[in-house]
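Input: a single structure, listed below in C-alpha coordinates.
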Amino acid sequence: MSQIKKIGVLTSGGDTPGMNAAIRAIVKAGIHYNIEVAGIFKGYYGLINKTMKPLDGAAVYNIIHRGGTILKSARCQEFIKPEGRKKAYEHMKAEGIDALVVIGGDGTLTGARLLGKEHGVPIMGLPGTIDNDLYGTDYTIGYDTAVNTVVAAVDKIRDTAHSHDRLFVVEVMGRDAGFIALRSGIATGAEKILIPEAKTYIEDLYETLEKGSSHDEGAGIIIVAEGDKFGGALEVEKKIKSRFPDFDVRVTILGHIQRGGAPSAFDRVLASGLGFQAVKALVDGRKGMMVGSINRQIVFTPFEQTIKYNRPINVELHSIAEILAL
Ligand code: ATP
(Lines give C-alpha, C1' and ligand atoms only; values in the text may rest on other atoms or scores of the structure.)
Protein backbone atom coordinates (compact mmCIF):
# COMPACT_ATOMS: atom_id res chain seq x y z
CA MET A 1 0.00 0.00 0.00
CA SER A 2 1.48 3.37 -1.05
CA GLN A 3 2.26 5.92 1.64
CA ILE A 4 1.56 8.72 -0.82
CA LYS A 5 -1.79 10.42 -0.38
CA LYS A 6 -1.27 13.67 -2.26
CA ILE A 7 0.96 14.55 -5.20
CA GLY A 8 1.82 18.05 -6.36
CA VAL A 9 2.41 18.69 -10.07
CA LEU A 10 4.14 21.69 -11.61
CA THR A 11 5.44 22.86 -14.99
CA SER A 12 8.67 24.86 -15.01
CA GLY A 13 11.09 26.48 -17.46
CA GLY A 14 9.89 27.10 -21.01
CA ASP A 15 6.35 25.91 -21.77
CA THR A 16 6.04 23.13 -24.32
CA PRO A 17 3.17 21.64 -26.30
CA GLY A 18 2.16 18.43 -24.50
CA MET A 19 2.54 19.72 -20.95
CA ASN A 20 -1.25 19.77 -20.60
CA ALA A 21 -1.51 16.19 -21.83
CA ALA A 22 1.02 15.23 -19.14
CA ILE A 23 -0.89 17.10 -16.41
CA ARG A 24 -4.09 15.35 -17.49
CA ALA A 25 -2.40 11.94 -17.35
CA ILE A 26 -1.00 12.67 -13.87
CA VAL A 27 -4.43 13.65 -12.56
CA LYS A 28 -6.09 10.59 -14.13
CA ALA A 29 -3.37 8.31 -12.74
CA GLY A 30 -3.98 9.92 -9.34
CA ILE A 31 -7.68 9.05 -9.63
CA HIS A 32 -6.72 5.50 -10.64
CA TYR A 33 -4.44 5.07 -7.60
CA ASN A 34 -6.72 7.00 -5.25
CA ILE A 35 -4.19 9.79 -4.74
CA GLU A 36 -5.13 13.46 -4.60
CA VAL A 37 -3.37 15.77 -7.05
CA ALA A 38 -2.62 19.42 -6.36
CA GLY A 39 -1.76 21.71 -9.26
CA ILE A 40 1.05 24.12 -8.37
CA PHE A 41 1.01 27.30 -10.44
CA LYS A 42 4.07 28.94 -12.05
CA GLY A 43 6.60 26.22 -11.32
CA TYR A 44 8.75 26.47 -8.21
CA TYR A 45 7.45 30.01 -7.62
CA GLY A 46 4.08 28.45 -6.79
CA LEU A 47 5.59 26.12 -4.21
CA ILE A 48 7.33 29.01 -2.49
CA ASN A 49 4.30 31.30 -2.70
CA LYS A 50 1.63 28.67 -2.08
CA THR A 51 -0.27 29.18 -5.31
CA MET A 52 -1.89 25.80 -5.71
CA LYS A 53 -5.28 24.19 -6.12
CA PRO A 54 -6.69 20.66 -6.20
CA LEU A 55 -7.02 19.13 -9.65
CA ASP A 56 -9.79 16.65 -10.39
CA GLY A 57 -11.03 15.06 -13.59
CA ALA A 58 -13.10 18.13 -14.46
CA ALA A 59 -10.05 20.40 -14.14
CA VAL A 60 -8.22 18.48 -16.84
CA TYR A 61 -11.19 17.91 -19.13
CA ASN A 62 -10.70 19.26 -22.65
CA ILE A 63 -7.01 20.14 -22.30
CA ILE A 64 -5.18 17.25 -24.02
CA HIS A 65 -5.09 19.14 -27.32
CA ARG A 66 -4.10 22.54 -25.94
CA GLY A 67 -0.61 24.02 -26.13
CA GLY A 68 1.05 25.85 -23.24
CA THR A 69 0.31 24.77 -19.70
CA ILE A 70 -2.85 25.30 -17.65
CA LEU A 71 -0.58 25.45 -14.58
CA LYS A 72 1.47 28.27 -16.11
CA SER A 73 5.24 28.16 -16.04
CA ALA A 74 7.91 30.45 -14.66
CA ARG A 75 11.57 30.78 -13.89
CA CYS A 76 12.13 31.20 -10.15
CA GLN A 77 15.41 32.61 -8.87
CA GLU A 78 14.49 32.16 -5.22
CA PHE A 79 14.32 28.39 -5.62
CA ILE A 80 17.97 28.30 -6.69
CA LYS A 81 18.95 29.20 -3.11
CA PRO A 82 18.68 26.62 -0.26
CA GLU A 83 16.44 29.00 1.75
CA GLY A 84 13.98 29.15 -1.15
CA ARG A 85 13.85 25.38 -1.37
CA LYS A 86 13.35 25.11 2.41
CA LYS A 87 10.39 27.44 2.15
CA ALA A 88 9.01 25.36 -0.74
CA TYR A 89 9.37 22.19 1.33
CA GLU A 90 7.63 23.73 4.35
CA HIS A 91 4.72 24.87 2.21
CA MET A 92 4.43 21.45 0.64
CA LYS A 93 4.26 19.83 4.05
CA ALA A 94 1.72 22.36 5.29
CA GLU A 95 -0.47 21.51 2.27
CA GLY A 96 -0.11 17.77 2.93
CA ILE A 97 1.76 17.18 -0.35
CA ASP A 98 3.86 14.00 0.04
CA ALA A 99 5.45 13.85 -3.41
CA LEU A 100 5.96 15.87 -6.59
CA VAL A 101 5.95 15.42 -10.33
CA VAL A 102 7.85 18.19 -12.09
CA ILE A 103 7.70 18.77 -15.84
CA GLY A 104 10.50 20.80 -17.38
CA GLY A 105 14.05 20.86 -18.71
CA ASP A 106 17.51 20.56 -17.31
CA GLY A 107 17.13 23.43 -14.80
CA THR A 108 13.83 22.07 -13.50
CA LEU A 109 15.34 18.64 -12.93
CA THR A 110 18.38 20.21 -11.22
CA GLY A 111 16.05 21.99 -8.79
CA ALA A 112 14.09 18.76 -8.23
CA ARG A 113 17.28 16.86 -7.43
CA LEU A 114 18.27 19.42 -4.80
CA LEU A 115 14.82 19.57 -3.19
CA GLY A 116 14.73 15.78 -3.02
CA LYS A 117 18.24 15.51 -1.63
CA GLU A 118 17.92 18.27 0.98
CA HIS A 119 14.43 17.46 2.27
CA GLY A 120 13.82 13.82 1.33
CA VAL A 121 10.86 14.63 -0.92
CA PRO A 122 9.97 11.85 -3.39
CA ILE A 123 10.06 13.50 -6.82
CA MET A 124 9.72 12.20 -10.36
CA GLY A 125 10.54 14.36 -13.36
CA LEU A 126 9.14 14.44 -16.89
CA PRO A 127 11.26 15.73 -19.80
CA GLY A 128 9.44 18.89 -20.86
CA THR A 129 11.50 20.95 -23.28
CA ILE A 130 11.24 21.51 -27.02
CA ASP A 131 15.04 21.20 -27.34
CA ASN A 132 15.17 17.38 -27.01
CA ASP A 133 18.50 17.73 -25.21
CA LEU A 134 17.83 15.65 -22.10
CA TYR A 135 19.80 12.51 -21.42
CA GLY A 136 17.55 9.56 -20.60
CA THR A 137 14.90 9.79 -23.31
CA ASP A 138 14.76 9.57 -27.09
CA TYR A 139 12.19 12.36 -27.22
CA THR A 140 11.23 15.17 -24.87
CA ILE A 141 7.66 16.40 -24.61
CA GLY A 142 7.12 19.22 -27.11
CA TYR A 143 10.01 18.49 -29.45
CA ASP A 144 7.97 16.74 -32.13
CA THR A 145 5.43 19.56 -32.24
CA ALA A 146 8.18 22.18 -32.42
CA VAL A 147 9.82 20.37 -35.34
CA ASN A 148 6.50 20.16 -37.17
CA THR A 149 5.92 23.87 -36.58
CA VAL A 150 9.31 24.65 -38.09
CA VAL A 151 8.69 22.37 -41.05
CA ALA A 152 5.33 24.00 -41.80
CA ALA A 153 6.93 27.47 -41.64
CA VAL A 154 9.95 26.57 -43.76
CA ASP A 155 7.77 24.94 -46.44
CA LYS A 156 6.01 28.28 -46.81
CA ILE A 157 9.28 30.20 -46.86
CA ARG A 158 10.61 27.89 -49.55
CA ASP A 159 7.81 28.89 -51.91
CA THR A 160 9.08 32.47 -51.81
CA ALA A 161 12.73 31.39 -51.92
CA HIS A 162 12.05 29.54 -55.17
CA SER A 163 9.76 32.15 -56.71
CA HIS A 164 12.15 35.04 -56.08
CA ASP A 165 15.50 33.23 -56.21
CA ARG A 166 16.12 34.18 -52.63
CA LEU A 167 18.28 32.57 -50.03
CA PHE A 168 16.60 32.35 -46.64
CA VAL A 169 18.57 31.91 -43.45
CA VAL A 170 16.05 30.55 -40.96
CA GLU A 171 16.97 30.61 -37.29
CA VAL A 172 15.34 27.99 -35.06
CA MET A 173 15.49 27.45 -31.30
CA GLY A 174 18.40 25.56 -29.77
CA ARG A 175 20.92 27.56 -27.75
CA ASP A 176 22.98 24.52 -26.84
CA ALA A 177 21.54 21.78 -28.99
CA GLY A 178 20.80 21.37 -32.68
CA PHE A 179 18.07 18.72 -32.53
CA ILE A 180 15.32 20.98 -33.85
CA ALA A 181 17.59 22.34 -36.58
CA LEU A 182 18.80 18.93 -37.72
CA ARG A 183 15.41 17.23 -37.85
CA SER A 184 13.57 20.13 -39.43
CA GLY A 185 16.48 20.73 -41.81
CA ILE A 186 16.31 17.17 -43.10
CA ALA A 187 12.52 17.26 -43.32
CA THR A 188 12.57 20.45 -45.40
CA GLY A 189 15.52 19.51 -47.60
CA ALA A 190 17.55 22.46 -46.34
CA GLU A 191 20.66 23.26 -48.35
CA LYS A 192 22.68 23.63 -45.12
CA ILE A 193 22.08 22.92 -41.44
CA LEU A 194 24.20 24.75 -38.89
CA ILE A 195 24.16 23.31 -35.37
CA PRO A 196 26.17 23.97 -32.19
CA GLU A 197 27.45 20.38 -32.05
CA ALA A 198 29.22 20.51 -35.42
CA LYS A 199 31.80 23.01 -36.56
CA THR A 200 31.08 24.23 -40.06
CA TYR A 201 33.92 26.01 -41.77
CA ILE A 202 32.94 29.11 -43.61
CA GLU A 203 34.53 27.74 -46.79
CA ASP A 204 32.19 24.71 -46.58
CA LEU A 205 29.23 27.01 -46.41
CA TYR A 206 30.45 29.02 -49.42
CA GLU A 207 31.08 25.82 -51.36
CA THR A 208 27.55 24.59 -50.66
CA LEU A 209 26.12 27.89 -51.84
CA GLU A 210 28.21 27.81 -55.02
CA LYS A 211 26.97 24.33 -55.82
CA GLY A 212 23.41 25.18 -54.88
CA SER A 213 23.29 28.02 -57.33
CA SER A 214 23.45 25.52 -60.20
CA HIS A 215 19.94 24.22 -59.30
CA ASP A 216 18.17 27.40 -58.46
CA GLU A 217 20.08 30.64 -58.89
CA GLY A 218 21.01 31.87 -55.38
CA ALA A 219 17.89 30.32 -53.87
CA GLY A 220 17.58 27.99 -50.95
CA ILE A 221 17.17 27.45 -47.24
CA ILE A 222 19.81 27.44 -44.55
CA ILE A 223 18.60 26.31 -41.13
CA VAL A 224 20.59 27.76 -38.25
CA ALA A 225 20.21 26.74 -34.60
CA GLU A 226 20.36 29.90 -32.48
CA GLY A 227 23.47 28.59 -30.69
CA ASP A 228 25.46 27.70 -33.82
CA LYS A 229 29.16 28.51 -34.00
CA PHE A 230 28.73 31.49 -36.35
CA GLY A 231 26.51 33.31 -33.85
CA GLY A 232 23.00 32.95 -35.28
CA ALA A 233 21.20 33.77 -38.51
CA LEU A 234 22.14 37.46 -38.71
CA GLU A 235 25.84 36.64 -38.53
CA VAL A 236 25.45 33.95 -41.15
CA GLU A 237 23.66 36.43 -43.40
CA LYS A 238 26.55 38.91 -43.05
CA LYS A 239 29.09 36.29 -44.01
CA ILE A 240 27.12 35.20 -47.06
CA LYS A 241 26.61 38.76 -48.25
CA SER A 242 30.30 39.54 -47.95
CA ARG A 243 31.13 36.63 -50.27
CA PHE A 244 28.06 36.69 -52.55
CA PRO A 245 27.02 40.34 -52.76
CA ASP A 246 24.56 39.55 -55.59
CA PHE A 247 22.57 37.01 -53.58
CA ASP A 248 19.22 38.16 -52.27
CA VAL A 249 19.59 36.94 -48.70
CA ARG A 250 16.81 37.21 -46.11
CA VAL A 251 16.71 36.21 -42.47
CA THR A 252 13.69 34.72 -40.71
CA ILE A 253 13.90 34.14 -36.99
CA LEU A 254 11.05 31.81 -36.11
CA GLY A 255 11.20 32.55 -32.37
CA HIS A 256 8.36 31.69 -30.04
CA ILE A 257 5.97 30.24 -32.59
CA GLN A 258 8.08 27.11 -32.06
CA ARG A 259 6.94 26.76 -28.46
CA GLY A 260 3.22 27.20 -28.96
CA GLY A 261 0.37 25.48 -30.69
CA ALA A 262 -1.58 22.27 -30.33
CA PRO A 263 0.66 19.32 -29.49
CA SER A 264 1.18 16.71 -32.20
CA ALA A 265 -0.35 13.26 -31.74
CA PHE A 266 3.15 12.00 -30.94
CA ASP A 267 3.61 14.51 -28.11
CA ARG A 268 0.15 13.82 -26.68
CA VAL A 269 0.81 10.09 -26.58
CA LEU A 270 4.32 10.52 -25.16
CA ALA A 271 3.14 12.95 -22.47
CA SER A 272 0.19 10.71 -21.55
CA GLY A 273 2.38 7.64 -21.16
CA LEU A 274 5.16 9.38 -19.24
CA GLY A 275 2.68 11.23 -17.01
CA PHE A 276 1.00 8.00 -15.98
CA GLN A 277 4.34 6.26 -15.43
CA ALA A 278 5.59 9.08 -13.17
CA VAL A 279 2.69 8.58 -10.78
CA LYS A 280 2.98 4.79 -10.93
CA ALA A 281 6.70 5.11 -10.15
CA LEU A 282 5.95 7.16 -7.02
CA VAL A 283 3.37 4.58 -5.94
CA ASP A 284 6.00 1.88 -6.49
CA GLY A 285 8.41 3.76 -4.21
CA ARG A 286 10.67 5.25 -6.88
CA LYS A 287 12.04 8.78 -6.51
CA GLY A 288 14.72 11.15 -7.77
CA MET A 289 14.39 10.08 -11.40
CA MET A 290 13.28 11.31 -14.78
CA VAL A 291 10.84 9.11 -16.70
CA GLY A 292 11.82 8.79 -20.32
CA SER A 293 11.22 6.59 -23.31
CA ILE A 294 14.12 4.86 -25.04
CA ASN A 295 13.48 2.46 -27.92
CA ARG A 296 9.81 2.59 -26.92
CA GLN A 297 10.56 1.30 -23.43
CA ILE A 298 9.95 3.29 -20.25
CA VAL A 299 13.31 4.14 -18.70
CA PHE A 300 13.99 5.72 -15.29
CA THR A 301 17.16 7.79 -15.16
CA PRO A 302 18.42 9.28 -11.87
CA PHE A 303 18.41 13.08 -11.88
CA GLU A 304 22.19 13.06 -11.32
CA GLN A 305 22.66 11.42 -14.70
CA THR A 306 20.13 13.44 -16.68
CA ILE A 307 21.83 16.58 -15.38
CA LYS A 308 25.42 15.39 -15.83
CA TYR A 309 25.22 13.98 -19.33
CA ASN A 310 24.18 15.59 -22.57
CA ARG A 311 22.14 13.67 -25.06
CA PRO A 312 24.41 13.38 -28.09
CA ILE A 313 23.12 14.42 -31.46
CA ASN A 314 23.22 11.89 -34.28
CA VAL A 315 26.31 13.14 -36.12
CA GLU A 316 25.91 10.52 -38.83
CA LEU A 317 22.50 11.95 -39.61
CA HIS A 318 24.08 15.40 -39.92
CA SER A 319 26.61 14.02 -42.41
CA ILE A 320 23.84 12.32 -44.36
CA ALA A 321 21.91 15.61 -44.42
CA GLU A 322 24.97 17.26 -46.01
CA ILE A 323 25.05 14.62 -48.75
CA LEU A 324 21.31 14.85 -49.39
CA ALA A 325 21.52 18.61 -49.70
CA LEU A 326 24.01 18.52 -52.57
P1 ATP B 1 14.09 25.00 -20.64
O2 ATP B 1 14.71 23.79 -21.30
O3 ATP B 1 12.83 25.41 -21.26
O4 ATP B 1 15.06 26.14 -20.44
P5 ATP B 1 14.52 24.45 -17.85
O6 ATP B 1 13.80 23.59 -16.88
O7 ATP B 1 15.95 24.09 -18.14
O8 ATP B 1 13.64 24.49 -19.17
P9 ATP B 1 15.33 26.78 -16.34
O10 ATP B 1 14.85 28.19 -16.38
O11 ATP B 1 16.77 26.51 -16.53
O12 ATP B 1 14.43 25.97 -17.38
O13 ATP B 1 14.91 26.15 -14.94
C14 ATP B 1 13.58 26.24 -14.46
C15 ATP B 1 13.59 26.55 -12.99
O16 ATP B 1 14.24 25.47 -12.29
C17 ATP B 1 14.38 27.79 -12.59
O18 ATP B 1 13.64 28.97 -12.75
C19 ATP B 1 14.65 27.50 -11.12
O20 ATP B 1 13.53 27.76 -10.32
C21 ATP B 1 14.91 26.00 -11.14
N22 ATP B 1 16.36 25.77 -11.27
C23 ATP B 1 17.13 25.90 -12.37
N24 ATP B 1 18.42 25.68 -12.09
C25 ATP B 1 18.48 25.42 -10.75
C26 ATP B 1 19.54 25.14 -9.85
N27 ATP B 1 20.81 25.08 -10.25
N28 ATP B 1 19.23 24.93 -8.56
C29 ATP B 1 17.95 24.99 -8.14
N30 ATP B 1 16.91 25.26 -8.94
C31 ATP B 1 17.17 25.47 -10.25
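So how far, in whole Å, is the C-alpha centre of region 264-326 from the one of region 157-194? Measuring centre to centre over Cα atoms gives 25 Å. Of all the accessible heavy-atom surface of the chain, with the other protein chains kept in place and a 1.4 Å probe, what percent is carbon and sulfur? After summing per-atom areas, the C and S share lands at 51 percent. Taking every protein chain into account, the accessible area of region 146-259 amounts to 45 square angstrom per residue (probe 1.4 Å). In plain terms, the chain from Arg175 to Arg296 could stretch by 40.8 nm, reckoned as 0.36 nm per residue minus the Cα-Cα distance. If you count Lys pairs in region 146-259 whose Cα atoms are under 19 Å apart, skipping same-chain pairs closer than 8 places in sequence, the total is 14. Taken along its three principal axes, the alpha carbon spread of region 146-259 comes to 34, 28, 19 Å, from the longest extent down to the shortest. What value, in deg cm²/dmol to 500, does the helix sum -39500 (n - 2.57) over DSSP H runs of n ≥ 4 give at 222 nm once divided by the residues of the chain? Taken over the chain, the calculation gives -13000 deg cm²/dmol. Over the Cα atoms of region 196-276, the radius of gyration divided by the Kirkwood radius equals 1.14; this is the Rg/Rh ratio.
The Cα trace of the chain gives Rg and Dmax of 21.7, 73 Å, the first to one decimal, the second as a whole number. As a rough guide to protection, the peptides 99-106, 302-309, 149-156 ranked by mean Cβ packing within 10 Å, highest first, stand as 99-106, 149-156, 302-309.
In nm, what is the difference between 0.36 nm times the number of residues separating Asp138 and Gln3 and their Cα-Cα distance?
Length difference between fully extended and current span is 45.4 nm.
In straight-distance terms, cross-link reach from Lys53 covers every one of the lysines whose alpha-carbon lies under 21 Å from its own, apart from those fewer than eight places away in the same chain; here that gives Lys5, Lys6, Lys28, Lys42, Lys72, Lys86, Lys87, Lys93. When the surface is traced with a 1.4 Å probe over the full set of protein chains, Arg166 keeps roughly 40 Å² accessible. In this structure, the amide hydrogen of Arg250, modeled 1.01 Å from its nitrogen in the peptide plane, lies closer than 5 angstrom to those of Leu167, Phe168, Val169, counting only residues at least 5 positions away or on a different chain. Looking at the chain, the DSSP beta bridges with both ends there are about 25 percent antiparallel.
Annotation: amide H-H contacts under 5 Å for Ala262 (H modelled 1.01 Å from N, sequence separation of 5 or more, or interchain): Gly67. Highest-first packing order for the peptide set 199-211, 40-52 is 40-52, 199-211, based on the mean count of other beta carbon atoms within 10 Å.
The values are calculated or read from the model by the stated rules, or taken from the named source; none is laboratory data. If you're wondering where the values come from, they're calculated on a predicted model, not measured in any experiment. Note: ideal-geometry Cβ built from the backbone for every residue, glycine included; neighbour counts use all protein chains shown. Just so you know, the surface numbers come from the protein's heavy atoms only, side chains and all, with ligands and any DNA or RNA stripped out. Shrake-Rupley method; radii C 1.70, N 1.55, O 1.52, S 1.80 Å.
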